[in-house]
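Encoded as structure tokens, the structure appears first; notes follow it.
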Amino acid sequence: MSKISTLNFSQFLLKTFFFSISIFSLVNARSIKSTHHHSIELDESLTYVWPLPAQFTSGNDTLTVDPNLTLDFTGNGGGSGGSVVVEQAFERYKKIIFKHGAKLAKSGEYFDVNRVTVIVHSDNDELQLGIDESYSLLVTKSNERSIIGGVSIEANSVYGALRGLETLSQLCKFDYGVKTVQIRKAPWFIQDKPRFAYRGLLLDTSRHYLPIEIIKQIIESMSYAKLNVLHWHIIDEESFPLEVPSYPNLWKGAYTKWERYTLEDAIEIVDFAKMRGINVMAEVDVPGHAESWGAGYPDLWPSPSCKEPLDVSKNYTFDVISGILADMRKIFPFELFHLGGDEVNTTCWTTTPHVKQWLQDHKMTAKDAYQYFVLKAQEIAISHNWTPVNWEETFNNFPSKLNPRTVVHNWLVGDVCAKAVASGFRCIYSNQGYWYLDHLDVPWEEVYYAEPLEGIKSISEQKLILGGEVCMWGETADASDVQQTIWPRAAAAAERLWSDKETTSSKNTTSTTLQRLEYFRCLLTRRGVPAAPVTNFYARRPPLGPGSCYEQ
């Protein structure tokens, strides 16, 4: 992907002008803001749960929550490790909810909520596309009139229960006056389910290596916004950091020997993600974006001076792809596998004598060879029981030849998903104009109001849109700034993918949506996620002056 926004000269001048204005504002803000202190009052009428639940009612009670909160896990969900998923999540959320004063509870002190009952109806804890993530959450005060007291979460799968625990954690707030965790506006009754099955974040670890710890922090933060797919763009032309036992020299393409992922690292990431209800979809981008492969196996290059795309004329190239995919199949259980297929410049094929000869012998143009390569890679992925995902160029160039199981991944232009579903393909929406996070000049509103179903009227075709994904390309993001670039704009897309369109798409609600998003950004920072201010002209910029987290 050409991941960095290209601006024409007039746009560049405009950006420079606005940047100058923002610097001017920064200088002035120091003199103005420091003399004006005012207290921020949050609008209590708003529901500060992000993403907004599908259906909910609330009341006027304030309930206190016992720091010694216990879990009561029932139903059929205890089989094959499902209860472990819920139990570990409960302990994680307990630490989040009771960061303040968990040890301050006095003996004999009364609390309205001292137990969370989780009922899960299925004992299947396999995590795949379309797993039921619905849940209902009831929060009531126990008294002599109510049979049910406290909190109950009911779900069809353990992953629905995880989403319910996240929502519960966002309802719990620490009151500094009485030093107690409270749930305001009870009783709550929430019935919730995601709008789309696929709610993704792409992470690029080729342009800059990201340490395992950072990837885990990002996965953790994804669970707070109910995202459920990490698209791991592990390798690209710049570096090949992953260990592949069948072809051990491939990771010679890493930047250094310290910027690599072992098999064990990759398994650890997949397991860590699963415990948070997040699938990991790996990507091996072929035939372009693969120059780094030749550092370990130069025969994969058409020639030492013309290194990309991979050599289409050699069976050896496809042996290596098959070996990589066989090894990766042991690590990545998710049914989708991304094969790239974008930005293929075939010049090396037409200018390298032996490849040119092969094209002539097979009566192929360079475009024919591109199609041949993509389809052969698809066959390999399908032989490993994967569903292939390809960037939209493959669909744009040879739609009728793609395997019918193919998932088309949109990134370039707006109407591709509409065309893909009209042809019977499933589609993932990632329009770069809105959902490429490395485009720092896209404000939160544009991310928020982007619509995966745009232009698709038929219900049967709408069902072919799996969902969407925000893309964190890594040219200008590494461990120092990647999370500030992801958050909070990724949360804007997360609500679009989870929440009901009717209640979140009216432009009349922009000001209240902003308040809710600013609140969620502060919630992220309280949880240790370095999310940037929401309304800066450029994403990931620091604040312009003193002020509250809730007004940035």
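The table below gives the values:
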read-out: Unit charges at the beta carbon, dipole of the chain: most positive-side option, Asn397, Ala273, Cys348; value: Ala273
read-out: Mean Kyte hydropathy of -0.5 or more with a Cα span along the axis of at least 27 Å, helices from DSSP in the chain; value: 9-33
read-out: When each of Lys463/Lys501; Lys216/Lys252; Lys314/Lys401; Lys367/Lys463; Lys185/Lys216 is checked by Cα-Cα distance, pairs over 26 Å; value: Lys367/Lys463; Lys185/Lys216
read-out: Cα radius of gyration and Dmax for the chain (Å); value: 25.1, 87
read-out: Lone cysteines, the chain (no partner Cβ under 4.7 Å); value: Cys172, Cys471
read-out: Between the stretch 196-255 and the stretch 461-511, the Cα center-to-center distance that results, in Å; value: 19 Å
read-out: Accessible surface of the chain, 1.4 Å probe, proportion on carbon and sulfur as whole %; value: 54 percent
read-out: Given charges at beta-carbon only (K, R positive; D, E negative), |dipole| of the chain in Debye; value: 1020 debye
read-out: Convex hull projection area averaged over all views, the stretch 198-505, Cα basis, nm²; value: 15.1 nm²
read-out: Nearest-10 value in Å² for the accessible area of Val178, using the 1.4 Å probe; value: 90 Å²
read-out: Theoretical ellipticity at 222 nm over the chain - DSSP helices of four or more residues, -39500 (n - 2.57) apiece, nearest 500; value: -10500 deg cm²/dmol
read-out: Kirkwood hydrodynamic radius over Cα pairs of the stretch 470-552, then Stokes diffusion coefficient at 25 °C and 0.890 mPa s, in µm²/s; value: 181 µm²/s
read-out: Thr485 accessible area, assembled protein chains, probe 1.4 Å, Å²; value: 0 Å²
read-out: Kirkwood Rh and Cα Rg combined as Rg over Rh, evaluated for the stretch 325-370; value: 1.19
read-out: Extension reserve of the Asp123-Lys463 stretch, reckoned as 0.36 nm per residue once the Cα distance is removed; value: 119.7 nm
read-out: With DNA, RNA and ligands ignored, accessible area of Tyr135 (1.4 Å probe; Å², nearest 10); value: 10 Å²
read-out: Ranking by accessible area, most exposed first, for Ile119, Ile183 with a 1.4 Å probe; value: Ile119, Ile183
read-out: Extension reserve of the Ser423-Lys173 stretch, reckoned as 0.36 nm per residue once the Cα distance is removed; value: 85.1 nm
read-out: Average projected area [Cα convex hull, the stretch 294-395], square nanometres; value: 6.6 nm²
read-out: For the stretch 216-357, convex hull volume per residue from C-alpha positions, Å³; value: 107 Å³
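The values are calculated or read from the model by the stated rules, or taken from the named source; none is laboratory data. Computed from a predicted structure; not experimentally measured. Counting neighbours? That spans all protein chains shown, and the Cβs are built from the backbone with ideal geometry, glycine included. The area values use the complete protein model at the heavy-atom level, side chains included, leaving out ligands, DNA and RNA. Shrake-Rupley method; radii C 1.70, N 1.55, O 1.52, S 1.80 Å.
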